[in-house]
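Here is the structure we will look at.
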Amino acid sequence: MKEKKTSPLRERMIEDMRIRGMSPKTQQGHIRAVRYFAEFIRRSPDTATPDELRAYQIHMIDTGVSTGVFNARILSLRFFFGMTCGREEMKRYMQFRRKPKKLPVVLSVKEVGDLRAAVPRPGLKYRAALGISYGAGLRASEVCNLKVSDIDGDRMLIHVEEGKNDKDRKAMVSPPCLVCSVTIGGKRGLMVGCFPATKNHGSVATPIEPRIHLGHAAYIAPQFRHASA
């Protein structure tokens, strides 16, 4: 197999991102966004003009790109032009879009119980993972990385290491969830693998398969965290 060559421009951008301590996942997202822009203008992105930036933003709107993806790509391009290319003036031609704020779906106590009872085998492990997510308000990725040593049974707390934005925090946990987590942890040593994660991106992939439908909605792991609030 031939090794894929990395251009000097891309290499410089990677170095800029490493200097700023960006995670591999964030680096991949920025590189992907710049590549999409380069494919649109059909030449090296550092030679882009303000008119081409404007045309690309209109292209994203016309092709139905979501507000979140639109803003993420703009953020990547701002970093690319401002840091890697030294063209701060290009930021004037990039605008973020306002994203409407919507309330998350919140499960009732009965729906939480029904969903936990219907999880696939191995049932105890999945029920424990979902129960901890609901009882302590943890994200699925935080449950994946939970270790027995993170559980403080005396104070009814869970220590979350490197959660969102790489921040540590403490989360309160209910007694039933504490007992369940310690039981699973004692058998396996780690609460790892409760929700399978993809190797390349580290994102949560198919937390529960198949999705279990209750009423008119399909509920997955993030709703457990919303319901805990």
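Quick notes on this structure:
- Arg121 meets all of the listed conditions (1) of a type outside the set (A, V, I, L, M, F, W, C); (2) closer than 14 Å to Ala171 by Cα; (3) at pLDDT below 75 but one, namely (2).
- Single condition Leu9 does not satisfy, out of (1) over 17 Å from Arg87 (Cα atoms); (2) touching an Asp or Glu at 6+ places or on another chain (Cβ under 7 Å): (1)
- Of all residues in region 1-30, those satisfying the criterion of being aliphatic (A, V, I, L, M) and either over 17 Å from Ile74 (Cβ atoms) or under 17 Å from the mean Cα position of the chain (by Cα) (or both) are Met1, Leu9, Ile14, Ile19, Met22.
- When residues of region 32-67 are limited to those that are basic (Lys, Arg) and over 26 Å from the mean Cα position of the chain (by Cα), the one nearest to Tyr93 (Cα to Cα): Arg54
- Every residue from region 143-159 that is in contact (Cβ under 8 Å) with a residue 12 or more places away in the chain, assigned to a loop (DSSP other than H, G, I, E, B) and over 12 Å from Ala129 (Cα atoms): Gly153, Met156
The values are calculated or read from the model by the stated rules, or taken from the named source; none is laboratory data. As the structure is a computational prediction, the values presented were derived from the model and not from experiment. Using ideal geometry, Cβ is built from the backbone for each residue, glycine included, and neighbour counts are taken over all protein chains shown.
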